[in-house]
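The values are calculated or read from the model by the stated rules, or taken from the named source; none is laboratory data. It should be emphasised that the depicted structure is a prediction, and the values quoted were computed from it without experimental measurement. Using ideal geometry, Cβ is built from the backbone for each residue, glycine included, and neighbour counts are taken over all protein chains shown. Remember, those area values only see protein heavy atoms, side chains included, never the ligands or the DNA or RNA. Shrake-Rupley method; radii C 1.70, N 1.55, O 1.52, S 1.80 Å.
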Amino acid sequence: MIALIAQRIAQAIVVLFVVSVLAFLLSTQIGDPVASILGLQATPEDRLELRAALGLDDPWPTRYLEFVTNVLRGELGVSYITQRPVSELIVERLPATFELAGVALLFSLGVGLPIGIYAAINRGRWSADAILSLSVIGVSVPTFVIAILLIFLFSVTLGWLPSFGRGQVVQVGWWTTGLLTPSGLKALIMPAAALAVSQVALVARLVRAEMIEVLRADYIRFARARGLKPRVIHLSLALRNTLIPVITVSGIQLGFLFAFAVVAEAVFQWPGIGLLFLQALGSTDVPIISAILLLTAAFFVAINTIVDLLYAVVDPRLRAGGLNGRPAGA
Amino acid sequence: MLKHTLMGAAAALALTAGMAGAENLRFAGATPALTMDPHATNDFTTTAIFRQVYDSLIGLSLDMELTPALATEWDYIGDNTWRFTIREGVQFHDGSALTAEDVAFSIMRQKDSRFYRSLFGGIQEARVVDATTVDVVSAGPDPILPRKMSRMFILSQAWAEANDVVDIPDLGAEGAEAHSIRNAMGTGPMRLLSHDPSVETRFEAFADYWDEMPGNVTTATYLNIGSGPTRVAALLSGEVDMVVDLPLQDIGRVEAAPGYTIAEAPQMLWMQLEMDGTRDQALETFDRAGNPLAENPFRDTRVRQAIAHTVDANLIADRVMRGKARVVGSASIPGFGGYQEDLDQRWETDLDRARELLAEAGYPDGFVTTMNCPLERYINTDDICRAVASMLARVGIDVRVNGMVWPEFARMLVNGPDSSFHLIGMGPDSRDTQDSFTGYVMTRNPDANEGFFNWALFSKPEIDELTRTLTVTFDEDEREGLYRDLLGRAREQVNAVYLHQPMIVWGMRGGVNAPIRSDATVTLQNVVVE
């Protein structure tokens, strides 16, 4: 077990290292930060001076090494454009993105689960197929189109929900939350819904497939033979076993929602990490770009590592599998 | 009839109530206000926001003319020295009085800013003469310094010292955030309540402002909403009162919505096509067989004139810009010092004449070239470039449009310049025609601070000479003569093919009346909200 944990963590470090190199190289290729900061106005001397001050003249391995040592010390640098520490900016924006991604996950489960269960129980009926196909539309329509449609319906036409921003937020320690005020909750509905729509079909299909599998199992047949009510069989026996893989996938999904919140954040001017990233891209704000790429990678790697380790806890065969991580005899 | 009278009375009542009560204005724009330190950026949007809090030494009227502000008078007293008389009885937002020392301090602080080198790099010293007089000494004669001073922002010296922001916060420095980035201490019509670049900037009217406040806004909030459709939706749903960057395609919809109005004014910037005036061989330019041309066609004035006669700026303004543009016919625009209305005549669109000129220049079959086109920063550049390419194709000049994102485009210019033909926006910093010439038309020589933005390397020695004379001439009549001479020559030689000034367009809900100004500043002290 200890060997497995060590191995997984070593893998995670390798992945993070590769991503950090890529993030760093990418950020050196997206334009000239000096030209972005100073515009066309500055004199050549000013340009050279600023290049030197930002350390842009050093060879890239040197700069990378400095970047990594700073990151390890918890210093993410200072934003070129807003001239504020990047770590401060990220801490300010992180709660917004987490709340958005979390609520979007709840939405996608809340809608996807019932659809999946219904489709599994009523397999073969046209109504089940219709609902399932309908959920696929959600995947095919781009998030920003859904977002704009929502805005025009609920903000402009009906005037029920705000079209942008987070509403009123409450400070809880360093965390700012919109979940405790009515205006904050209202502001959360549309961005979370727009983000969730693409995930609904995924959840529904997964639940359906798993549930059909479970319904074929012997213990369900015995339960039927015992004359238990279908409702009890479906919801308390079958569903419970269906949920295990769904919960695993949800963890990974949260990572996706976190990363793909960018679009919803841009449309709804949601002050989260994605919006920060877009603004930084537009102005070649390299410290922010590198920090967010790294942060997102770390988030994905952490989730995957935890999921892997949990599998090992759940399934003893994985532990016996040793270094290649496969079940023995598989 | 009775109904009308009643409604009129109700409206009048609402109006008086509005004047007396506390009025809040929420206005939204596409880009965030970055910093509140007025010397740490020259960003267009950010300047329009911190102008609420910081007064400039010399003010601007709504039609961009110079007006007395913190300086009531200014005179040239010889020896490269301008004397400014400082207004008495002006207060900072903390209640302290504005002194000549504050003015001198601010001038010395801003002149060292990387962002204002082209405007204020020539200033050597700001000297306090007495309690209400400051002398500004430049390295050389500077007849247009007063116009530049409309962008000199005055902050409190005592506040800067107390908060450790005597120097402009330096980029790339490690450590904590400088105090001046989210706090301010100026003399402007509004006091800064809070500044969060990612969400909003909040202001409150300053009760002890030195000037009149014709409007009735007591609190105001600037919101950053990056997405165009969302910004328009926020306006139409009543979440904001006003939008300062109305997307071109949504103007009609806002105008059509009952009660909503739009306001427009030409930006202090114009688009133009620049052509290589120096290289022996133009970059990326070939004959029809694909061989590089022996000569640089753009260096031939006849080719430049042919392009000017072919590209129809009126059509671009009407179609591509949907009428939200003002066609430009000289190297100066209204509101600039030295603008000459009668010389502002666009070249006639005349394809036969253009073909003749091309044939005379030795290109009867035209040629093939590449135009570099910045895809952001200015409005609808992608469409403008494609329209230009299809117009030039009609006289045999085949143009491949090379679209580039702004950082890439900027890098090509500042590290080269490596372009023989491109579209660019031209906005001389000081807003004087002199600056068009010193910055954009003179032969490029950055060391002598000449032609710094002349990215296409246009070069005519007689224009250089005349411009040098202009920069040391203080006599108004003589200056007028030189302005006219220079504008005429630049147009004749086609230093660039001038296109149009894009309009700034604001959308407002009914009951909001904000006078528009060409530098895109919402002068909150003039806004009336009902």
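Applying the Karplus parametrisation 6.51 cos²θ - 1.76 cosθ + 1.60 with θ = phi - 60° to the phi angles of region B:69-80, what ³J(HN,Hα) value in whole Hz is obtained for each residue in order, glycine and proline being reported as x?
Once θ is set to phi - 60°, the couplings for region B:69-80 become 10, 5, 9, 8, 9, 8, 9, 8, 10, x, 6, 6 Hz.
With a 1.4 Å probe and all protein chains left in place, how much accessible area per residue does region A:1-43 have, in Å²?
Roughly 47 Å² per residue, with all protein chains present.
What does the charge dipole of region B:419-530 about its Cα centre add up to, to the nearest 20 debye, if the Cβ of each Lys and Arg holds +1 and the Cβ of each Asp and Glu holds -1?
For region B:419-530, the charge dipole is close to 580 debye.
Of B:F44, B:T201, B:L358, which is farthest on the positive side of the dipole of chain B, counting Cα position, with +1 on Lys and Arg Cβ, -1 on Asp and Glu Cβ, and the Cα centre as origin?
B:L358
With a cap of 12 neighbouring Cβ atoms within 10 Å, and only residues DSSP puts in a loop, list the trypsin sites (Lys or Arg not before Pro) found in region A:187-227.
A:R216, A:R226
Ignoring ligands, DNA and RNA, how much accessible area is buried between chains B and A, both sides summed, with a 1.4 Å probe, to the nearest 100 Å²?
3900
Quick one: Karplus J couplings for region A:213-226, per residue in order, coefficients 6.51, -1.76, 1.60, θ = phi - 60°, nearest Hz, x for Gly and Pro?
4, 5, 5, 7, 5, 4, 5, 6, 4, 4, 4, 4, 4, 6
Quick one: which residues, 5 or more positions from B:E450 or on another chain, have an amide H under 5 Å from its amide H? H modelled 1.01 Å from N in the peptide plane, none for Pro or chain starts.
Under 5 Å from the amide H of B:E450: B:N445.
Let's test this: bin the Cα-Cα distances of region B:430-475 at 10 Å from zero up to the farthest pair and state each bin's percent.
32, 58, 10, 0
Does region B:310-433 come out rounded, prolate or oblate, given a ≥ b ≥ c as the square roots of the eigenvalues of its C-alpha gyration tensor, rounded meaning a/c under 1.5 and, failing that, prolate meaning a/b above b/c?
Numbers: a/c = 1.59, a/b = 1.12, b/c = 1.42.
Oblate, because a/c is 1.5 or more while a/b does not exceed b/c.
To the nearest whole percent, what portion of all C-alpha pairs in chain B is separated by more than 33 angstrom?
46
Just the projected area, averaged over all directions, of the convex hull on the alpha carbon atoms of the protein assembly as shown: how many nm²?
On the way: hull surface 189.8 nm².
Taking a quarter of the hull surface, the average projection is 47.4 nm².
Going toward the positive end of the dipole of region A:114-229, with +1 on Lys and Arg Cβ and -1 on Asp and Glu Cβ, which of A:V207, A:Q171, A:V136 do you reach last?
Comparing the listed Cα positions along the dipole, A:V207 ranks first.
Using a simple charge model, +1 on the beta-carbon of Lys and Arg, -1 on the beta-carbon of Asp and Glu, nothing else, what dipole does the protein assembly as shown show about its Cα centre, in debye to the nearest 20?
Working: 68 positive and 96 negative charges, 1231 e Å.
For the protein assembly as shown, the charge dipole is close to 5920 debye.
Tell me, what HN-Hα J-couplings in whole Hz come from the Karplus equation 6.51 cos²θ - 1.76 cosθ + 1.60 at θ = phi - 60° for each residue of region B:514-525, using x for Gly and Pro?
10, x, 8, 10, 5, 8, 6, 7, 7, 7, 4, 5
In degrees, nearest 10, range 0 to 90: what is the angle between the Cα axis of helix B:351-360 and the longest Cα principal axis of chain B?
Value to nearest ten degrees: 50.
Report the accessible area of A:V203, computed with a 1.4 Å probe over the heavy atoms of all protein chains in place, in Å² rounded to the nearest 10.
10
Helix B:461-471 against the longest principal axis of chain B: what's the angle in degrees, Cα atoms only, rounded to the nearest 10?
Relative to chain B, helix B:461-471 is tipped by roughly 20 degrees.
Output the relative contact order of region B:283-422, whole-number percent, from Cα pairs under 8 angstrom with separation of 6+ residues.
27
I need the shape label for chain A. Rule: rounded when a/c is under 1.5, else prolate if a/b > b/c, else oblate, with a, b, c from the alpha carbon gyration tensor.
It comes out oblate by the Cα gyration axes.
How are the alpha carbon pair distances in region B:221-356 distributed across 10 Å bins from zero to the largest one, expressed in percent?
10, 26, 25, 21, 13, 5, 0
Taking the alpha-carbon set of region A:41-122, what are its Rg and Dmax in Å?
22.9, 74
So which GluC sites (Glu not before Pro) in region B:148-242 end up in coil per DSSP with only 14 or fewer other C-beta atoms within 10 Å?
B:E174, B:E212
Express the accessible area of region B:382-505 per residue in Å², computed with a 1.4 Å probe while the remaining protein chains stay in the model.
34
Regarding region B:60-113, what are the three Cα extents along the principal axes, ordered largest first, in Å?
Computed over the Cα atoms, the extents are 36, 29, 24 Å.
Taking the alpha-carbon distance from A:K229 and a cut-off under 17 Å, which aspartates and glutamates remain once sequence neighbours fewer than 8 residues away in the same chain are dropped?
The qualifying aspartates and glutamates are A:D218.
Please give the calculated 222 nm ellipticity per residue for chain B, where each DSSP H segment of at least 4 residues contributes -39500 (n - 2.57) and the sum is spread over every residue; nearest 500 deg cm²/dmol?
Mean residue ellipticity at 222 nm (helix-derived): -7500 deg cm²/dmol.
Long-range amide H contacts for B:H422: which residues qualify at under 5 Å (H placed 1.01 Å from N, peptide plane, sequence gap of 5 or more or a different chain)?
Under 5 Å from the amide H of B:H422: B:E274, B:N372.
To the nearest 10 degrees, how steeply does helix A:60-72 sit against the main Cα axis of chain A, on a 0 to 90 scale?
Taking the Cα atoms of chain A, the angle to A:60-72 is about 60 degrees.
From other protein chains only, count the Cβ atoms within 10 Å of every residue's Cβ in B:262-272, then give the mean.
0
If DNA, RNA and ligands are ignored and the probe is 1.4 Å, what is the ranking of B:D383, B:D135 by accessible area, most exposed first?
Largest to smallest exposure gives the sequence B:D383, B:D135.
Would you pull out the residues with amide H under 5 Å of B:E23's amide H, same chain only if 5 or more places away, H placed 1.01 Å from N?
B:T218, B:T219
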